[in-house]
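Here, each number is a calculation from the coordinates, and none is a lab measurement. Values in this document were obtained by computation on a predicted structure and should not be read as measured data. Counting neighbours? That spans all protein chains shown, and the Cβs are built from the backbone with ideal geometry, glycine included.
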Amino acid sequence: MNFLFFLLLLPEAMRPLPAAPLKPAEIYVASTPCDSPVRAYFTIPENDESEFMTWKITLHPDTRQYEMRYTYGMTVPGTRGFRNGGTTVSRNGSFSVRPGQRTVISLAVGDKQIPFARIGDGLLHLLDSEGKLMIGNGAWSYTFNRQKP
């Protein structure tokens, strides 16, 4: 009798467990100065006429992959646009997360790491090469806001 009961339950026991749902992508956007520290991360020449950047970073938490699109150049006065459209670059790669007193997310870009401090669930802040919060200017900051889907 026990054997018969076992045979009845065996197909149910052999069914694979449902996969855990994927975490949704996190999308962050910002407009920042295009000054020396940022230029160094992306090897933008110092003599390039650029004063600001717009960024869009998509983080995929489950795969630790990112997509980044940024545009840099000179502003068009009175608008949020770029003179001559600016220069747009798309990159993708992996990122790492270092938890601690301040969670740091680092994007691998070539042989460099671009570090961000996670501030709550909705903000990232760009860090300098010493791991300190970068300070913006009167027009732009280095804080990235999370877009809601």
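Tell me, THR32, THR103 in order of fewest to most beta-carbon neighbours within 10 Å?
Lowest to highest Cβ neighbour count: THR103, THR32.
Among PHE42, PHE52, the ranking by other beta carbons within 10 Å of each residue's beta carbon, starting with the fewest, stands as PHE42, PHE52.
How tilted is helix 2-14 with respect to the longest principal axis of the chain? Cα atoms for both, answer in degrees (0 to 90, nearest 10). The two axes meet at around 20 degrees. Our helix-only sum for the chain, with -39,500 (n - 2.57) per DSSP H run of n ≥ 4 divided by its residues, gives a mean residue ellipticity at 222 nm of -4000 deg cm²/dmol.
Magnitude of the Cβ-charge dipole of the chain, K/R +1 and D/E -1, about the Cα centre, nearest 20 debye? Don't skip to the answer; put the middle values down first.
Values: 16 positive and 13 negative charges, 71 e Å.
For the chain, the charge dipole is close to 340 debye.
Using θ = phi - 60° in the Karplus curve 6.51 cos²θ - 1.76 cosθ + 1.60, the 3J(HN,Hα) couplings for segment 64-70 round to 6, 10, 9, 10, 9, 10, 9 Hz; x is entered for Gly and Pro.
So which trypsin sites (Lys or Arg not before Pro) in segment 41-94 end up in coil per DSSP with only 11 or fewer other C-beta atoms within 10 Å?
In loop regions of segment 41-94 (DSSP not H, G, I, E or B), the sparsely surrounded trypsin sites (Lys or Arg not before Pro) are ARG80.
Express the relative contact order of the chain as a whole percentage, based on alpha carbon pairs under 8 Å and six or more residues apart in sequence.
Values: 259 pairs, mean separation 30.8, N = 149.
Relative contact order for the chain comes out at 21 percent.
Once the GluC sites (Glu not before Pro) in DSSP loops with at most 11 neighbouring Cβ atoms within 10 Å are cut out of the chain, the longest remaining piece is 50-129.
Ignoring aspartates and glutamates fewer than eight residues from LYS56 along the same chain, the ones with Cα atoms less than 17 angstrom from its Cα are GLU26, GLU67, ASP121.
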